[in-house]
Amino acid sequence: MRLVLLLTFAPFQALAWEFSPTPICTLSHKTDEAKLVITHDPAVPEYRLEINLNGDSWATSGTFGIAFQGGAKLTIGTNRHRTDGSTLSVADSGFGNVLDGLEFNGTATAFTESQTVAFSLAGAQQPVRDFRDCSESFRLS
């Protein structure tokens, strides 16, 4: 019973999707396995996705993709990603498909030729909307 009470009142912020408008628009989510961060820098202008593995490194791979499962299934991929130890990153001038996948689905699985990392999208909808609004406000200013 004590364990149930501890779990009931334990802080679960690390499992939440978070949005921050400063210093640039940032959307993030952390799990026991990895941390996903999407940023939009209007000065460049560029969207950037980084997935940092906890305690592991990304193997070199010719391709990277994300499969979204749920209400609006979608799989996207690229060969324009980079790996550097525990960090996999990709940048582009638009991330509409990524943001749609995050907002309208239940899970996301990032994958390379030899590795996968799954993220729950529970609670991602409002932070994704806030991220979109932030990015849009920079375009209009």
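The values are calculated or read from the model by the stated rules, or taken from the named source; none is laboratory data. Predicted, not measured: the structure shown is a model, and the values here were computed from it. Virtual Cβ from ideal backbone geometry, glycine too; neighbours counted across all protein chains shown. The accessibility values were calculated without ligands, DNA or RNA, using every heavy atom of the protein model including side chains. Shrake-Rupley method; radii C 1.70, N 1.55, O 1.52, S 1.80 Å.
Considering only residues that are touching a Lys or Arg at 6+ places or on another chain (Cβ under 8 Å) and among the hydroxyl-bearing types (Ser, Thr, Tyr), which ones fall in region 66-122? Selection gives 89 alone. Only one of the listed residues (94, 123) is surrounded by fewer than 19 Cβ atoms within 10 Å (Cβ to Cβ) and closer than 24 Å to residue 62 by Cβ. That residue is 94. State yes or no: is residue 107 touching a Ser or Thr at 6+ places or on another chain (Cβ under 7 Å), within 18 Å of residue 16 (Cβ to Cβ), without any contact (Cβ under 8 Å) to a residue 40 or more places away in the chain and open to solvent by 40 Å² or more (accessible area, probe 1.4 Å)? Yes. The residues of region 47-87 that are more than 13 Å from residue 113 (Cα to Cα), open to solvent by 60 Å² or more (accessible area, probe 1.4 Å) and not in a loop (DSSP other than H, G, I, E, B), listed by number, are 48, 69, 75, 82, 84.
Condition check ((1) among the β-branched types (Val, Ile, Thr); (2) modelled with pLDDT under 95; (3) touching an Asp or Glu at 6+ places or on another chain (Cβ under 7 Å); (4) at negative phi) across all residues:
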residue: 86; (1), (2), (3), (4): no, no, yes, yes
residue: 99; (1), (2), (3), (4): no, no, no, yes
residue: 105; (1), (2), (3), (4): no, no, no, yes
residue: 109; (1), (2), (3), (4): yes, no, no, yes
residue: 123; (1), (2), (3), (4): no, no, no, no
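In region 5-31, the residues that are within 19 Å of residue 95 (Cβ to Cβ) and open to solvent by 40 Å² or more (accessible area, probe 1.4 Å) reach residues that are of a type in the set (Asp, Glu) and modelled with pLDDT under 95 with C-beta atoms within less than 7 angstrom, at least six apart or across chains, in these pairs: 24/41.
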